[in-house]
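Written below as structure tokens is the structure these notes are about.
The values are calculated or read from the model by the stated rules, or taken from the named source; none is laboratory data. Model, not experiment: these values are computed from the prediction. Note that we place each Cβ from the backbone using ideal geometry, even for glycine, and neighbour counts take in every protein chain shown.
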Amino acid sequence: MSSGLFDAGLVLAWGVPRLRDLPWRRTRDPWSILVAEVMLQQTQVARVIPKWEAFLADFPTPEACAAASLGDVLRRWHGLGYPRRGRNLHDAAATIVERHAGRVPDQLAELRMLPGIGPYTAHAVLAFAHERDVAVVDTNIARVLARVAGERMTLARVQSCADELVPHGEGWAWNQALMDLGATICRPAPRCADCPLTDVCRWHVAGRPPPDPATGSAAVSTRQARYEGSERQRRGRVLAALNAGPSPVDDHPPEVVASLVVDRLVVREGDVLRLP
């Protein structure tokens, strides 16, 4: 299993017995996994679990999601933040129905052509729904690889290293274990004493000198901008009001209304706003 930066067996032996019990890990249904991966973007696992379960209860298939109004999807999405993700998922469901007979594609190029689906989500569907030997690169995995390599990495470099490491026939377990390593041990404030890679981690062996190589590496997230007083908060307030029903346009900041209309997240009918 040796390839690239280190022996993948180190992570598999450590991680498989410790995998977090997450509900989307108990299924191989491509739609369920696609929904989970879109929801998990920039949102904590604990917040996603109940929303994922409720969303799939209402929209268990791409057909069900595509047949619903965008407004209904956004109502179910409410509370997760970043509502454009919900809109993109609704658009992706429509594309899956129209172009793929209601089946989530199982080819990378076709997944990438779905609205709002980037390389991470496409690889995640292949690895976690179809158990393909492809590398998934999220912020947790990129942080691990940058520190082990002891260097800041471009996205292409991170993806290349990750591709080299995937052990044959272990794509599902490998990606889950490496992701959990980054999520629970190799965190922004790392717990190196509990890590199975300390002996091969160049940053750790060097004494963890500043700067942290993960900082500034592609795919490693930075701290989110302050929510209080932000444009996100103002947009969220408008959507929260409309979640309860139509509302007069004049009740809301005009520039916020304009941006939401452009994003197709609200509809203006005369002097009234409503969800699509």
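State yes or no: is residue 50 over 24 Å from residue 263 (Cα atoms) and not acidic (Asp, Glu)? Yes; evaluated as a whole, the condition is true for this residue. Screening 189, 206 for residues that are loosely packed, with under 13 Cβ neighbours inside 10 Å, without any contact (Cβ under 8 Å) to a residue 24 or more places away in the chain and within 27 Å of residue 155 (Cβ to Cβ) leaves exactly one candidate, 189. The set of residues in the stretch 233-242 that are out of contact with any strand residue (DSSP E or B) (no Cβ under 7 Å at 6 or more places or on another chain) and surrounded by 15 or more Cβ atoms within 10 Å (Cβ to Cβ) comprises 234, 235, 236, 238, 239.
Selection of helices (runs of 4 or more DSSP H) fully inside the stretch 84-154 by the criterion of at least 2 residues being in contact (Cβ under 8 Å) with a residue 60 or more places away in the chain, in contact with a Pro (Cβ under 8 Å, 6 or more places away or on another chain) and surrounded by fewer than 16 Cβ atoms within 10 Å (Cβ to Cβ) returns nothing.
Output the residues belonging to the stretch 250-275 that are surrounded by fewer than 16 Cβ atoms within 10 Å (Cβ to Cβ), β-branched (Val, Ile, Thr) and touching a strand residue (DSSP E or B) at 6+ places or on another chain (Cβ under 8 Å). Those that are surrounded by fewer than 16 Cβ atoms within 10 Å (Cβ to Cβ), β-branched (Val, Ile, Thr) and touching a strand residue (DSSP E or B) at 6+ places or on another chain (Cβ under 8 Å): 261, 272.
Scanning the stretch 156-175 for residues that are buried (at least 19 other Cβ atoms within 10 Å of the Cβ), of a type in the set (S, T, N, Q) and closer than 16 Å to residue 7 by Cα returns a single hit, 175. Does residue 261 count as over 26 Å from residue 120 (Cβ atoms) and in contact with a helix residue (DSSP H, G or I) (Cβ under 7 Å, 6 or more places away or on another chain)? No.
Okay, residues lined up against (1) out of contact with any Ser or Thr (no Cβ under 7 Å at 6 or more places or on another chain); (2) modelled with pLDDT under 95; (3) of a type outside the set (Asp, Glu); (4) in the same structural domain as residue 201 (by TED's automatic domain parsing):
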{"site": "94", "(1), (2), (3), (4)": "yes, no, yes, no"}
{"site": "97", "(1), (2), (3), (4)": "yes, no, yes, no"}
{"site": "114", "(1), (2), (3), (4)": "no, no, yes, no"}
{"site": "117", "(1), (2), (3), (4)": "yes, no, yes, no"}
{"site": "148", "(1), (2), (3), (4)": "yes, no, yes, yes"}
